[in-house]
Each structure stands twice: as structure tokens, then as C-alpha cells.
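The values are calculated or read from the model by the stated rules, or taken from the named source; none is laboratory data. Quick caveat, the model's predicted, so the values are computed rather than measured. Glycine gets a Cβ as well: all are built from the backbone with ideal geometry, and neighbour counts include every protein chain shown.
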Amino acid sequence: MLIHDRGPTPAQTPGRQGWRVDRVVWHHTGGGSVAGALSWVTRPGSNVGYHYLVDENGVIFRVASENNTAWHAGNWTWNLRSIGICHPVNGGGVATRNASVALTRDICRRWGISPSVHTIVPHRAIVPTLCPGSLPMNDWIHLVAHGGEVTPPEPRWKESSMILRDRSNGAMWLVDASGRRHLTPGEAHGWLAGGAPSVDVDPGTINDIPPSGQLTLLADESTGAIYVVDALGKRHIQPPEFRALQDTNMARVIRVASSVVAGIPDMAATLQP
Ligand SMILES: [Zn+2]
């Protein structure tokens with residue numbers, strides 16, 4: 001695996017203060033490019049640093065040694081025990097996924113970590129944050145754990161998929177049974193070269209199709225409380241975070257009875273040492 005050393009980030013502390021690395025935390029940039037995040041975390045005075053960043057093309061950058069404590073989790077104990085990896089917004093595409101899965105698998109092997117939803121966790125399970133957005137945690141963890149060969153990055157035309165091109169701005173969207181996903185120009189080129197049909201449509205048509213890779217939110221119908229839910233369990237979110245999620249159009253809200261909410265374990269409980 002080719003790893004490019006950059007930085008280092010000033011946002012790290014030498015050593016692990018007696019802790020052993022037993023967790024990997026996945027992040028995303030939240031919006032900007034990985035190149036932007038790379039320059040941001042390595043600038044003098046930065047107070048956020050990861051160990052690795054994986055860019056849109058699957059290139060891996062290292063800005064802190066795994067033997068040091070990088071400041072990424074927003075929680076000191078978690079920083080001490082974990083390795084932080086930053087991805088493009090919402091995890092990026094297949095190239096990023098393949099590189100991150102290979103890197104994470106290597107980290108798990110070297111540190112004796114058994115890959116699971118308890119050991120490879122989204123930043124949002126540790127502190128209130130949307131990070132890493134709709135990065136498909138379960139799919140990627142499955143690949144880390146059961147790996148072998150990761151699906152080759154060649155985009156293949158599937159009968160159930162098509163490309164919609166936004167007439168107003170040229171943005172390309174992949175549409176299939178799971179909904180729509182914005183494609184980077186490189187990804188769109190790959191799909192089109194692979195024979196996927198494309199159709200020019202008005203923005204309204206695109207907006208009518210639900211985004212794929214949404215987070216599931218449960219709304220307690222008796223109290224109105226909102227919970228973000230994934231394989232780790234549930235976490236209560238505050239109104240500002242809920243509004244931010246709605247603005248990203250990534251959230252799907254399901255109204256349920258209080259008893260359903262009560263039956264789902266809390267994220268924090270599943271993450272105790
Ligand atoms: Zn994060």
C-alpha cells in the first residue's frame with residue numbers, strides 16, 4: 001500500500017499515554033475537498049488532525065504516526081485509543097472506499113483489532129456531529145471484515161441504473177432503486193463510458209427522487225424527540241442538528257411509538273470499553 005507522508009499535523013500529542021489502539025474512527029471533510037482538509041490540518045496552529053486522509057482518487061496521505069495521538073475525535077480518551085481517517089464528503093466514491101478499506105484492514109491486522117461496528121466507528125457515535133455524513137459504514141466495515149478482493153473500481157452499467165443530467169447546471173446524478181447520488185465528473189465519465197444511458201432533465205425531476213445513502217431518523221411520536229439511528233444504536237439529536245440534517249436532504253424521518261425508540265440501544269452504550 002502506497003502511503004504519502006505529508007505534514008505532519010501540529011494537532012497531535014506524542015505517544016498514547018499508556019493506551020493501546022483498539023478503535024478506528026471514520027470522518028469526512030464535511031464539504032470541502034480532501035486537498036483542502038490536508039492543507040488545513042497541516043497548517044501551523046491547526047487544532048484538528050487525523051492520522052490519515054484518503055482523497056477522491058484513493059490516494060492515502062499520512063499526517064501523524066499511528067504511535068501518536070491525533071486530535072480528531074473531540075474526546076480525549078477516544079483520541080488516545082483510536083486512529084482517525086478522513087474521507088471526502090459522505091465517503092466519496094469507489095476509489096476512496098477501496099483505499100480506505102485496505103488501509104483500515106491493515107490497521108486492524110497490525111493492532112490486533114477485530115473489525116466490527118464496535119471497533120470501526122463513525123465520528124457521530126462519539127460526539128454530536130454529522131460526521132461522516134452518509135458514508136456507508138456497514139458496507140465498508142463488511143468489506144474490511146470479510147474483505148478478500150474489493151469490487152474493482154470499474155463502473156459497470158446496470159439495467160436498473162441511469163444518469164440524470166441537470167439541465168440547469170450540468171450536475172450528474174446516478175439513479176437506481178436506492179435513490180439518487182451525485183456523481184463527481186470522474187465518476188460520471190466512468191459510468192457514461194461504461195454505457196449507462198443519460199437523460200437531460202429539469203432540476204425539479206431530480207429533487208423528486210429521494211437521495212440514496214440517507215441517514216434514518218426516528219421521531220418519537222409522543223414526545224417529538226428525534227434520534228439518529230444506525231447499526232451502533234440510537235443517539236438523541238438536538239433541534240439545530242436535526243435542521244442541519246434536513247438541510248443536507250440526507251435524512252429520512254420515520255415516526256414511531258416511544259416503545260420502538262426505547263427498544264433501540266444507545267450508541268454510547270454499545271461503545272463502552
Ligand atoms: Zn469527524
What number of residues in segment 109-132 are crowded, with 22+ Cβ neighbours inside 10 Å, in a helix (DSSP H, G or I) and not aliphatic (A, V, I, L, M)? 2
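Within 22 Å of Glu187 (Cα to Cα) and touching a strand residue (DSSP E or B) at 6+ places or on another chain (Cβ under 9 Å): is that true of Thr29 in this structure? Spell out the reasoning first.
Working: within 22 Å of Glu187 (Cα to Cα): yes; touching a strand residue (DSSP E or B) at 6+ places or on another chain (Cβ under 9 Å): yes.
Yes, satisfied.
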Looking only at segment 56-91, how many residues end up being of a type in the set (D, E, K, R), at pLDDT 95 or above and assigned to a loop (DSSP other than H, G, I, E, B)? 1
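What helices (runs of 4 or more DSSP H) completely inside segment 150-263 contain at least 3 residues that are among the hydrophobic types (A, V, I, L, M, F, W, C), outside the structural domain of Gly31 (by TED's automatic domain parsing) and at pLDDT 85 or above? Steps first, answer last, please.
Values: elements: 185-193, 203-207, 239-248, 258-262.
It comes to 258-262.
When the residues of segment 19-29 are filtered to those that are closer than 20 Å to Arg109 by Cα and either within 12 Å of the ligand (Cβ to nearest atom) or not acidic (Asp, Glu) (or both), which remaining residue is surrounded by the most Cβ atoms within 10 Å (Cβ to Cβ)? Break it down into steps so the answer makes sense when it comes.
So the first thing to find is which residues in segment 19-29 are closer than 20 Å to Arg109 by Cα, and the list is 19-26.
Remaining after also requiring either within 12 Å of the ligand (Cβ to nearest atom) or not acidic (Asp, Glu) (or both): 19-21, 23-26.
On the way: Trp19: 15, Arg20: 10, Val21: 20, Arg23: 21, Val24: 24, Val25: 27, Trp26: 24.
Top of the filtered list is Val25.
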Looking at segment 75-101 only, could you name the residues that are of a type in the set (A, V, I, L, M, F, W, C) and within 16 Å of the ligand (Cβ to nearest atom)? Trp76, Trp78, Ile83, Ile85, Cys86, Val89
Can you pull out the residues in segment 49-74 that are surrounded by fewer than 24 Cβ atoms within 10 Å (Cβ to Cβ) and away from the ligand (no atom under 15 Å from the Cβ)? Asp55, Glu56, Asn57, Gly58, Val59, Ile60, Phe61, Arg62, Ser65, Glu66, Asn67, Asn68
